[in-house]
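What follows is a single structure, written as structure tokens, with notes after it.
The values are calculated or read from the model by the stated rules, or taken from the named source; none is laboratory data. Just so it is clear, the structure is predicted and the values come from calculations on it, not from any experiment. Using ideal geometry, Cβ is built from the backbone for each residue, glycine included, and neighbour counts are taken over all protein chains shown.
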Amino acid sequence: MKIKDLFQKSIRRNINGVIQAGQLDEESIYTELDEYVVTDELAGNLETFYSHYAAALSEPTSKMGVWISGFFGSGKSHLLKILSYLLSNCTVKGKRAVDFFRDKDIRPELLNLIFTAASVESDALLFNIDSKSATGSKNEKQKIVDVFLKVFNEHLGYSSMAWIAGIERHLEREGRYGEFKAAFAQNSGKSWEESRDYILLKQKDFFRAMQAIGYDEEASKTFLKGMKDTFEITSEDLAKLIAGYCRKRGKDYRLVFLVDEIGQYIGDNRELMLNLQTVVEDLGNYAQGRVWVIVTSQEKIDAVTKVRGEDFSKIQGRFSTRLNLSSANTDEVIKRRLLAKTEVAGQTLQLDYEVREQSLRNMLSFDGNTGALRSGYKSAADFVAGYPFVPYQFDLLQKVFDKIRIQGEAGKHLSRGERSLLNAFQEVALLLGEEDTGRLATFAQFYGTLESFLDTSVKSTIRKAKDKDGIAPFDLDVLRTLYMIKGIEGFPASLENITTLLLNSVDAIKNEIERQVSRALDKLIRHVLIQQNADQTYTFLSDEEQEINQEIKNTTLDQAKVLQDMTKVFFNEIYPQTRYRHASGRDFDFNRRFDSYTLGVAQHPLTLQLYSEPIPEMEAMLKATNGVLVVRLPEDGPNFSEPFEYAVKIAGYLNRKSSVNLTKTQERVIEQKRGEISEFEGIGREALKEASRRATFYIEGQSYTFNGEPAAQIDRAFEILVRNTFTKHHYIDHKIELKNAAQQIKEWATKGIQQRLDGTLPNQLALDEVMRYLEEQQGKYARPTMKAIVERFTGVPYGWTDWDLAGIVTILLYEGKVKLSYLGERFNTTHPEFVSRLTKTTEREKVVVELEVAIPTDVRKKLSGIMREYFGRQTLGDTYEEVAGVIRARVEEQMQAPLREIQQRRRQESLEFPYPGSSDILHLERTVEALLSRKDDEQLIKELFDLEDQLDEWFDQLEDLKSFYLGKAIEHFDGAVKALRQRKTDLQSAVGNIELQTIKHEIETILRHKEPYKQISQLPILLQRLNDGLRQVLDEQRRTYMPELESIQSVVADMTEQYSADPEIESIIKQGQNNIDQQIRQYRETDSITQLIAVPTLAKNALEQIKSQIQYTLQKRKPKPSAGDTPVKSKKVLSGLDLLTLALTAPVVEIENEEELNKVIEGLRNQLRQLMKDNILVLRR
């Protein structure tokens, strides 16, 4: 059976595979509606759209934007056009558009929605915005609002030129448009529609026609010029215009703008994006669902609205209905519309597949590096649906279309949408039509469908290949295939993948095809038509790429750069460690060399020397001495240098080309070459790593081989090297743990290290080595520093760490065998920088380590007596350091610590009555600090001897101070100060009481005494007498003023009775009485003499306020004087006491500054001002 006979419909028929917005002939429309395939995805998208559209028929909405997205050729333009037919419900050959959908496989609910939408009167304005847009003089695209106006004007029969349409709209609004057109035709001999776009050349005819309908010539000229020069329209104006038109057409009328390729038109133009946003927003707001805007774009709205980094999120709300078409939709359309088989053909193909199922699965496969691309058939049904095409071709061809469009390799036909996947598959099916079943479409056959719209520069490369000697048709198929898949992400052009793309039969033998492909690839490489990449894939070369490849080949190789790059790869990636970690935890730094190249500075006792170039084994053995580890890479190993060399050549070429003016094509090719650098470096990296796995190691003249990864092998070699180089490394048998190093050294310094059962210390051999070194240095009268010790014992043959040596010195210090000094001053474990001085590189050369000298017997005897007498200490130690440590500890504990506590307590003293002993405290502090500041242990002991005679006096002074500050005495002192402060005003009030003033004087005398320690005990009795005396005075004063207060209460009671019938005045009296009662309660309860004396005055003040308020109230009730009368004020006499009462707002007012004084005066002023309103004030003494 011929392939052409497999299909239900002739594959030669016109299927109109490319849908264009302007194609509106009846035959095309009928075909489109009749053959339109509603896939499951399309059905879902249609249901989404119609559910929103139908809902808006009854409910106003501003969300009337629809965004249809999908990749190039996915059918979005076709869907847009079908929607235009359905919404306007056009009739084609006597059949309504919606009736075509009765026969399609869709749900009844969707069909009902389609018919509901078609039942209302609607107009659908379908257009490609790029075609409708007028380009300005600077190639600027027309604004969206202008294009919408143009389409709307054309729909109404107006001119496509906005200002001319404005004239027509004006005339029609006045009801004169028909008259005008008739007059114009009569004067010009041609219709208005034929002539209007040339109106500037037909001005006389225009003016005559305007005059014929009642306009004079001058007005007509002004009208024409004004419309031409000043016409403009905003988005809001357009929305109002269209909304008004819809209202005139009736409440059910709908107008739909269907705009193709809006995303491509906008691109990354910020202004166009804003314009679209505004137009859709205004149409939504003014038309409220009567106008819809449906657009298509290759990108989803989320991507398009990210213009130049700005988020136009507002427009996304307007296009709330979003439909997306995927590749699955395209596959299904092609299979159902073009490749649908007859029943017999389907049965035949199914049998053929079942016989060959396994072989087809094996044959139609890609290598493991290929991305998620369908290869073979999933089932017999899949085979029947897609034959003679292979599943991968649907996805891969789409990627090729996208690549050509994005990379700019296509001419104008592809950019205008004149090619589609449907076209491509139809053309290849036609090529195979006369073949017998069993043939498969190869991917190379699709090149013919692309060639017609490729740029000339692309086509010429392949056409010229035909003229090369020895290039056969199959070689050209390989070349065409490589062109198509070049740059397709996730699809490497490997030998296996190319072979799979060129299988042309279900019975093909893949191995034979692969050999044929391999020969073709070799031939194409020789002719520099393609290149083999570092990863064994192949790339099609354009003319420019061929030229650049030849230049790279001729570039001089920088061998030093190659060596440097390989060195960095080895020491940064294969063995990136800069030091070897021994099993003991010790890190060994080493020099790094690759052939003759040294990485960094060679300053370490160990060296890792790698040889990539062949050297004799004997030479390798001879070089492997004195701490050098030789690594010899195999001569028959993978070639790792060539990829690095090619990468360096590319880099050299790019550096040379970077300053040259390049064409855009050359720039693109050079960028690709820039990317190849990392690819070849990657291949070289893997090859170098593989070679390193097979390396031979040489240590002290012996050869070794290991298994495993390179890093592990080198570590094992280093282990042997360290063992043979650092022969005394094992002397450290108790190492310092780095994570707790400082703490461990501190513990060894203060507690020592526990002996072993044999009486030796851990690290005994190392301790002995360091002691021998110090004895040697002492014999030479040298003073070795910590830096010298570290430099000696970290080198060969020891290899100890800095921390280990700090630990060794610390143990010797604890054992009393060494002493330490820093810049000439002794220091020990008590110093806060003890650890850092031993371990920090910057501090070591300042630290001197010397053997310790024992303390003389006579010094020890004298010192023991002093310490026993004054500090109660008998055990001192054997060395100056130990003895000095005991002295410092005792002085700090028994003298400095109490003084510190005393000073802390002194901070609470009163300025008026300071604590005693301040000079003694200061003297003792300075003396103790001076003693403890002696850093040299011998100097400290000598200083203590010199101060022996003063120790008795010091301890006596300290004992007095401790008894006062650290006992109960200071509490009685503070209590007396507090009592004097609290009763200060009362004592001032009782200044005439001789007994009280005498007691006060006695207390103050004790508090101000320089050494009141023995008199403090008198304070409690004196304070008791003082309180008793003040209480007696208080009782006498209370009895004195009580009759006066009772008299005031009596007056208030009389006033209450007098005005009992007047509620307003009674309220005033009651409020004042409450105030007086409160003062009297305070008088009875207070224990302050000052407050008690002030109460009668305040009570009298309150009584006067009652009287004043009563008088004011009664005055208000008097009739107002006539206009000519002058109000008569009564006189009010105020005494000095009255003024004082008015000024005081509290029983006791203290005035310490000018601000408080002003406050009292301002209060008096306000009180007097209030009295002056109704009185003439008379002041008396």
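Below, the figures for the structure above:
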quantity: Which listed residue is surrounded by 13 or more Cβ atoms within 10 Å (Cβ to Cβ) and at pLDDT below 90, from Ala806, Ala749; calculated: Ala749
quantity: In region 846-871, the residues that are at pLDDT 95 or above and either under 25 Å from Glu892 (Cβ atoms) or acidic (Asp, Glu) (or both); calculated: Val847
quantity: Flag for Pro832 being under 30 Å from Leu961 (Cβ atoms), modelled with pLDDT of 90 or more and not small (Gly, Ala, Ser); calculated: yes
quantity: Of all residues in region 246-276 being at positive phi and among the small types (Gly, Ala, Ser), the one that is farthest from the chain's Cα centre (by Cα); calculated: Gly250
quantity: Pairs with Cβ under 8 Å, 6+ apart, first in region 567-591 and more than 14 Å from Lys689 (Cβ to Cβ) and part of a loop (DSSP other than H, G, I, E, B), second among the basic types (Lys, Arg) and at pLDDT below 95; calculated: Ser584/Lys735; Gly585/Lys735; Arg586/Lys735
quantity: Residue satisfying all of: in region 522-538; surrounded by 19 or more Cβ atoms within 10 Å (Cβ to Cβ) and in contact with a strand residue (DSSP E or B) (Cβ under 7 Å, 6 or more places away or on another chain); farthest from Glu690 (Cα to Cα) among these; calculated: Leu524
quantity: Any hit, region 646-669, residues being closer than 30 Å to Gln702 by Cβ and of a type in the set (S, T, N, Q); calculated: no
quantity: Index of the failed condition, Ala472 passing every other in (1) free of Cβ contacts under 8 Å to residues at least 24 places away in the same chain; (2) loosely packed, with under 14 Cβ neighbours inside 10 Å; (3) among the hydrophobic types (A, V, I, L, M, F, W, C); calculated: (1)
quantity: Filter pass, Asp543 being in contact with a Lys or Arg (Cβ under 7 Å, 6 or more places away or on another chain) and of a type in the set (D, E, K, R); calculated: no
quantity: So Leu373, is it more than 34 Å from the chain's Cα centre (by Cα), crowded, with 21+ Cβ neighbours inside 10 Å and either polar (S, T, N, Q) or under 19 Å from Thr442 (Cβ atoms) (or both); calculated: no
quantity: Residue in region 209-218 that is of a type in the set (A, V, I, L, M), surrounded by 13 or more Cβ atoms within 10 Å (Cβ to Cβ), at negative phi and part of a loop (DSSP other than H, G, I, E, B) present; calculated: yes
quantity: Answer from Gln1037, Gln950, Gln939 - the residue that is of a type outside the set (Gly, Ala, Ser) and farther than 30 Å from Asp878 by Cβ; calculated: Gln1037
quantity: Region 1078-1123, subset among the polar types (S, T, N, Q) and farther than 19 Å from Ser1050 by Cα, residue surrounded by the most Cβ atoms within 10 Å (Cβ to Cβ); calculated: Gln1091
quantity: Leading residue by the ranking (modelled with the lowest pLDDT) among those in region 725-741 that are loosely packed, with under 14 Cβ neighbours inside 10 Å and not charged (D, E, K, R); calculated: Leu738
quantity: Single unsatisfied condition, Phe680 versus (1) under 37 Å from the mean Cα position of the chain (by Cα); (2) at pLDDT below 85; calculated: (2)
quantity: Failed criterion for Asp960 (all others in (1) outside the structural domain of Ser919 (by TED's automatic domain parsing); (2) in contact with a Phe, Trp or Tyr (Cβ under 7 Å, 6 or more places away or on another chain); (3) not hydrophobic (A, V, I, L, M, F, W, C) hold); calculated: (1)
quantity: Any hit, region 859-873, residues being farther than 21 Å from His831 by Cα and among the hydroxyl-bearing types (Ser, Thr, Tyr); calculated: yes
quantity: Candidates Tyr965, Tyr1041 - the one that is over 30 Å from Gln896 (Cα atoms) and among the aromatic types (Phe, Trp, Tyr); calculated: Tyr1041
quantity: Test: residue in region 617-632 that is at pLDDT below 95 and in contact with a helix residue (DSSP H, G or I) (Cβ under 6 Å, 6 or more places away or on another chain); calculated: yes
quantity: Flag if Ile1006 is of a type in the set (A, V, I, L, M), touching a residue at least 40 places away in the same chain (Cβ under 8 Å) and either more than 30 Å from Leu1103 (Cβ to Cβ) or outside the structural domain of Glu1085 (by TED's automatic domain parsing) (or both); calculated: no
quantity: Filter result (out of contact with any helix residue (DSSP H, G or I) (no Cβ under 7 Å at 6 or more places or on another chain) and either under 26 Å from Ile242 (Cα atoms) or outside any helix (DSSP H, G or I) (or both)) within region 183-196; calculated: Gly189, Lys190, Glu193, Glu194
quantity: Residue under evaluation Glu435, criteria (1) surrounded by fewer than 20 Cβ atoms within 10 Å (Cβ to Cβ); (2) without any contact (Cβ under 8 Å) to a residue 24 or more places away in the chain; (3) over 23 Å from Tyr646 (Cβ atoms), criterion not met; calculated: (2)
quantity: Within region 831-875, tally of residues that are among the hydroxyl-bearing types (Ser, Thr, Tyr) and out of contact with any helix residue (DSSP H, G or I) (no Cβ under 7 Å at 6 or more places or on another chain); calculated: 5
quantity: Residue among Gln903, Gln894, Gln908 that is of a type outside the set (Val, Ile, Thr), in a loop (DSSP other than H, G, I, E, B) and farther than 19 Å from Lys942 by Cα; calculated: Gln908
quantity: Some residue of region 691-700 being touching a strand residue (DSSP E or B) at 6+ places or on another chain (Cβ under 7 Å), surrounded by 14 or more Cβ atoms within 10 Å (Cβ to Cβ), modelled with pLDDT of 95 or more and in a loop (DSSP other than H, G, I, E, B); calculated: yes
quantity: Where Glu869 falls short, out of the listed (1) more than 48 Å from the chain's Cα centre (by Cα); (2) surrounded by fewer than 16 Cβ atoms within 10 Å (Cβ to Cβ); (3) more than 19 Å from Glu948 (Cβ to Cβ); calculated: (3)
quantity: Residue ranges of helices (runs of 4 or more DSSP H) in region 447-514 with at least 3 members small (Gly, Ala, Ser) and modelled with pLDDT under 95; calculated: 456-465
quantity: Residues of region 478-496 classified as farther than 10 Å from Phe443 by Cβ and surrounded by 19 or more Cβ atoms within 10 Å (Cβ to Cβ), total; calculated: 9
quantity: Some residue of region 55-76 being assigned to a helix (DSSP H, G or I) and surrounded by 19 or more Cβ atoms within 10 Å (Cβ to Cβ); calculated: yes
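Residues are listed down the side, and each one gets a yes or a no for (1) within 52 Å of the chain's Cα centre (by Cα); (2) at pLDDT below 90:
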{"residue": "Glu27", "(1), (2)": "no, yes"}
{"residue": "Leu42", "(1), (2)": "yes, no"}
{"residue": "Phe49", "(1), (2)": "yes, no"}
{"residue": "Leu57", "(1), (2)": "yes, no"}
{"residue": "Ser74", "(1), (2)": "yes, yes"}
{"residue": "Ser84", "(1), (2)": "yes, no"}
